[in-house]
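Have a look at the structure below, then the notes.
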Amino acid sequence: MEKLNKSDIIKEQVISIQGLYKSFGENSVLNGIDLTIHKGENVVILGRSGSGKSVLIKIIAGLLKPDKGIVNVLGMDIGSIDEKQLLKLRLKIGFSFQNSALYDSMSVRENLEFPLIRNSRHLTKKEIDHAVEEVLEDVHLHQTINQMPSELSGGQRKRIGIARTLILRPEIMLYDEPTAGLDPITCITINELINEVQERYHTSSIIITHDLTCAKATGDRVAMLLDGRFVAQGNFDEIFNTEEETVKQFYDYNFIN
Amino acid sequence: MSLKKREHITTKGLDDYFLGIYNAFKFVRLFFREVFKPPFEFKEIIRQCYEIGYKSLPLITLTGFVTGIVFTKQSRPSLVEFGAASWLPGLIAIAVVRALAPLVTALISAGKIGSNIGAELGSMRVSEQIDAMEVSAINPFKFLVVTRVTATTLMIPVLMMYFAFVGLLGSFLNVNQNEHTSFIAFFQSAFSPISFLDVFTGLFKSIMYGFTIGMVGCYKGYNASRGTEGVGKAANMSVVISMFLIFIEEIVIVQISNWIRIA
């Protein structure tokens with residue numbers, strides 16, 4: 001597959017969010033979010049736990065409904081599309097869950113085959129096998145093909161989770177805390193994999209994290225979410241050198257810990 | 001599966017109770033909407049039938065056999081007192097086919113299968129596996145709920161018939177030991193008072209119980225709240241609510257079948 005260079009990022013919008021609000025009962029989580037993601041761009045959303053990062057990407061994937069605001073993904077307004085259109089859109093969105101969310105009762109092969117068989121019923125066994133082997137090669141885990149999720153390490157589970165989304169060839173990747181709970185060396189391999197996915201599959205990505213190393217390694221742009229609002233946006237160095245007190249507090253906390 | 005947040009109409013507890021019933025009805029309605037809609041998950045239904053039916057056989061065998069022996073042992077003294085020991089096979093058969101087989105099979109299944117479904121779907125919910133299906137453009141309701149409810153609805157009647165057979169076999173062993181009745185004579189005597197209505201009612205009850213066990217287990221598991229506590233609660237509530245509904249259904253169906261019998 002042809003590789004994409006960082007300079008190739010096209011200024012075509014794939015995600016456009018305007019005035020997004022979301023609350024759960026009395027708890028207001030998102031308070032007027034505006035965000036744009038361009039084609040081929042990796043955007044990191046930094047923020048403390050409970051700041052609404054995961055809620056934001058769950059709204060983009062259509063798992064949660066927004067209370068107010070416009071969420072436009074690949075030209076479709078998430079708030080107003082019907083179920084059929086949402087299913088079509090979801091085929092173009094890959095979602096890597098924080099805990100990988102691999103199907104416990106299925107082997108790695110079955111985990112990878114599952115979305116492909118159900119969405120492309122015309123494919124032959126040979127084509128499915130080829131697709132499974134290809135994505136496993138891409139995440140460098142070919143040897144685990146017949147293993148069960150319980151036999152995999154945390155890092156391997158993350159990579160298989162990413163492979164399961166890649167098998168449907170998504171245009172957008174949403175990563176929820178891709179390096180959470182992993183050792184520093186495994187974090188580096190996951191960061192490298194995120195960049196490889198962007199180059200190889202030409203995806204636009206949102207990476208939710210509070211890991212600064214991950215943000216620096218993977219983000220073309222970084223947005224800082226605090227109390228349901230973006231308080232700063234820019235490249236990593238711009239955010240890092242900001243004088244904004246709340247952002248500096250977040251960095252200080254990261255370095256101390 | 002939940003209504004939009006709003007102010008309480010009555011008290012919070014009462015509102016939640018009626019909201020729960022409303023959501024359960026929506027869940028059942030969604031099942032009937034999805035069950036006849038292609039694509040059909042035949043492979044998964046067969047797998048679930050194997051898990052639910054075949055894997056319950058040892059427990060059903062043991063319970064059915066013991067029930068047959070114990071019920072025969074307990075009934076004999078009273079019948080012998082009235083000089084009606086020869087009625088024992090018929091009495092046992094009526095009790096097993098009309099009441100014991102459907103009810104005991106259903107209660108055992110509510111404990112074994114209902115809790116299993118509740119816990120399995122509950123843990124899939126809290127570990128985001130159901131969300132993972134949704135974002136992969138797979139209909140999790142069709143794959144997880146429709147297949148399991150279909151399997152329980154099909155398999156509980158089969159388990160009930162098997163329970164009745166094993167129960168009568170246990171009863172035969174006891175009768176044979178005490179009255180030296182032959183196998184053929186026992187079963188001729190056992191089946192002679194059984195009517196079509198008895199068999200039909202037993203089967204109908206089992207279908208209803210199977211549907212209830214599958215539906216309650218799936219509803220509780222599918223809507224489990226976050227965390228491991230939610231999984232335990234889903235498994236527990238699946239059993240409690242299933243058993244409660246099974247007893248209600250038993251009373252209603254027995255009453256209706258008695259009316260038909262009298263008419």
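The values are calculated or read from the model by the stated rules, or taken from the named source; none is laboratory data. Because the structure is a prediction, the values reported are computed rather than measured. Positions of Cβ are backbone-derived with ideal geometry, glycine not excepted, and every protein chain shown enters the neighbour counts. Note: areas computed on protein heavy atoms with side chains; ligands, DNA, RNA excluded. Shrake-Rupley method; radii C 1.70, N 1.55, O 1.52, S 1.80 Å.
Descending by average beta-carbon neighbour count within 10 Å, the peptides B:116-125, B:51-60, A:86-95 line up as B:116-125, A:86-95, B:51-60, the highest first. Applying 1/(1 + (r/R0)^6) with R0 = 56 Å to the Cβ-Cβ distance of B:Ser195 and A:Glu192 gives a FRET efficiency near 0.15.
Please say if the range A:66-218 is rounded, prolate or oblate, where rounded means a/c under 1.5 for a ≥ b ≥ c the square roots of the C-alpha gyration tensor eigenvalues, and otherwise the choice is prolate for a/b larger than b/c and oblate otherwise? Intermediate values should be presented prior to the final figure.
On the way: a/c = 1.79, a/b = 1.09, b/c = 1.64.
Cα axes put the range A:66-218 in the oblate bin.
Overall, the anisotropy analysis places the range B:12-262 in the prolate class: the square-rooted eigenvalues a ≥ b ≥ c of its C-alpha gyration tensor yield a/c not less than 1.5, with a/b exceeding b/c.
Across the residues of B:121-130, average count of Cβ atoms on other protein chains within 10 Å? Please report the intermediate quantities before stating the final value.
Details: counts 0, 0, 1, 4, 0, 1, 7, 9, 9, 2.
Counting Cβ atoms of other protein chains within 10 Å of each residue's Cβ and averaging gives 3.
Looking at chain A as a GNM with Cα springs under 10 Å, which of A:Pro184, A:Pro115, A:Pro149 has the largest mean-square fluctuation? Result: A:Pro184 has the largest fluctuation of those listed.
Restricting the count to DSSP beta bridges whose residues both fall in the protein assembly as shown, what percent are antiparallel, rounded to a multiple of 5?
Details: 22 of 41 bridges.
Here the share of antiparallel DSSP bridges comes out near 55 percent.
Can you send over the carbon and sulfur percentage of the accessible area for chain A, probe radius 1.4 Å, protein chains only? It is 48 percent, rounded to a whole number. Each label was represented as a point 7 Å from its Cα along the Cα-to-Cβ direction; for A:Gln13 and B:Thr228 these points are 4.5 nm apart.
With only Lys, Arg, Asp and Glu charged, each at its Cβ (+1 for the first two, -1 for the last two), find how big the charge dipole of chain A is about the Cα centre; round to the nearest 20 debye.
Numbers: 29 positive and 36 negative charges, 153 e Å.
Using only the charged Cβ atoms, the result is roughly 740 debye.
Computed over the range B:209-263, the P(r) curve from all C-alpha pair distances, binned at 5 Å from the origin, holds 4, 20, 21, 16, 12, 9, 6, 5, 3, 2, 1 percent per bin.
Quick check: from the Cα gyration tensor, does the range A:1-111 come out rounded (a/c under 1.5), prolate or oblate? Taking the square roots of the gyration eigenvalues as a ≥ b ≥ c, the range A:1-111 is rounded. Each peptide in A:59-67, B:172-180, B:93-101 receives the mean, over its residues, of other Cβ atoms within 10 Å, and ordering these scores from highest gives B:93-101, A:59-67, B:172-180.
Once label points are set 7 Å from the Cα along Cα→Cβ at both A:Lys248 and B:Val35, what is their separation, rounded to one decimal in nm? Placing both labels 7 Å beyond Cα along the Cβ direction yields 6.5 nm.
Accessible area per residue for the range B:12-262, computed on protein heavy atoms with a 1.4 Å probe, is 48 Å². Comparing the full protein assembly with the isolated chain, the residues of the range A:83-105 losing at least 30 square angstrom of accessible surface (1.4 Å probe) are A:Leu87, A:Arg90, A:Phe97, A:Ala101, A:Tyr103. Across peptide B:133-146, the average count of Cβ atoms from other chains found within 10 Å of a residue's Cβ is 5.
Charge dipole (Cα centre; +1 on Lys/Arg Cβ, -1 on Asp/Glu Cβ; no other charges) of the protein assembly as shown amounts to roughly 1720 debye. Extension gain for A:Arg48-A:Asp129 works out to 25.1 nm (0.36 nm per residue, less the C-alpha to C-alpha distance).
Note down the relative contact order for chain B as a percent, whole number, built from C-alpha pairs under 8 angstrom at least six residues apart. All intermediate terms of the calculation are to be shown ahead of the outcome.
Numbers: 325 pairs, mean separation 80.0, N = 263.
Taking the mean separation of contacting Cα pairs over the length of chain B, I get 30 percent.
Beyond 28 Å between alpha-carbons counts as too far, so tell me which of B:Lys12/B:Lys37; A:Lys65/B:Lys112; A:Lys68/A:Lys158; A:Lys92/A:Lys158; A:Lys58/B:Lys112; B:Lys12/B:Lys205 fall in that bin.
Working: B:Lys12/B:Lys37 37 Å; A:Lys65/B:Lys112 36 Å; A:Lys68/A:Lys158 33 Å; A:Lys92/A:Lys158 20 Å; A:Lys58/B:Lys112 35 Å; B:Lys12/B:Lys205 35 Å.
The answer is B:Lys12/B:Lys37; A:Lys65/B:Lys112; A:Lys68/A:Lys158; A:Lys58/B:Lys112; B:Lys12/B:Lys205.
For the range B:149-242, pairs of C-alpha atoms spaced more than 15 angstrom apart make up 70 percent of the total.
In the elastic network of chain A, a GNM with C-alpha springs shorter than 10 Å, the most mobile of A:Thr179, A:Thr203, A:Thr144 is A:Thr144.
For peptide A:112-119, the mean count of partner chain Cβ atoms within 10 Å of a residue's Cβ comes to 3.
Please report, in debye to the nearest 20, how large the charge dipole of chain B is about its Cα centre when each Lys and Arg carries +1 at its beta carbon and each Asp and Glu carries -1 there.
Working: 23 positive and 17 negative charges, 87 e Å.
The dipole magnitude comes to about 420 debye.
Any idea which of A:Val71, A:Gly47, B:Ile45 is furthest toward the positive side of the dipole for the protein assembly as shown, if Lys and Arg beta-carbons carry +1 and Asp and Glu beta-carbons -1? Of A:Val71, A:Gly47, B:Ile45, it is B:Ile45. Pairing chains A and B buries close to 1700 square angstrom of accessible surface in total, based on protein heavy atoms and a 1.4 angstrom probe.
Counting only protein heavy atoms and a 1.4 Å probe, tell me what percentage of the range B:12-262's accessible area is made up of carbon and sulfur.
72
Helical content alone sets the calculated 222 nm signal of chain A at -11500 deg cm²/dmol, taking -39,500 (n - 2.57) per DSSP H segment of four or more residues and averaging over every residue. Given R0 = 45 Å, the distance between the Cβ atoms of B:Leu57 and A:Gln85 translates into a calculated FRET efficiency of 0.45.
The order of the peptides B:14-26, A:165-177 by mean Cβ neighbours within 10 Å, most packed first, is A:165-177, B:14-26. Its alpha carbons considered, the protein assembly as shown gives a radius of gyration followed by a Dmax of 29.1, 100 Å. Averaged over its residues, the range A:8-256 has an accessible area of 44 Å² per residue, based on protein heavy atoms and a 1.4 Å probe.
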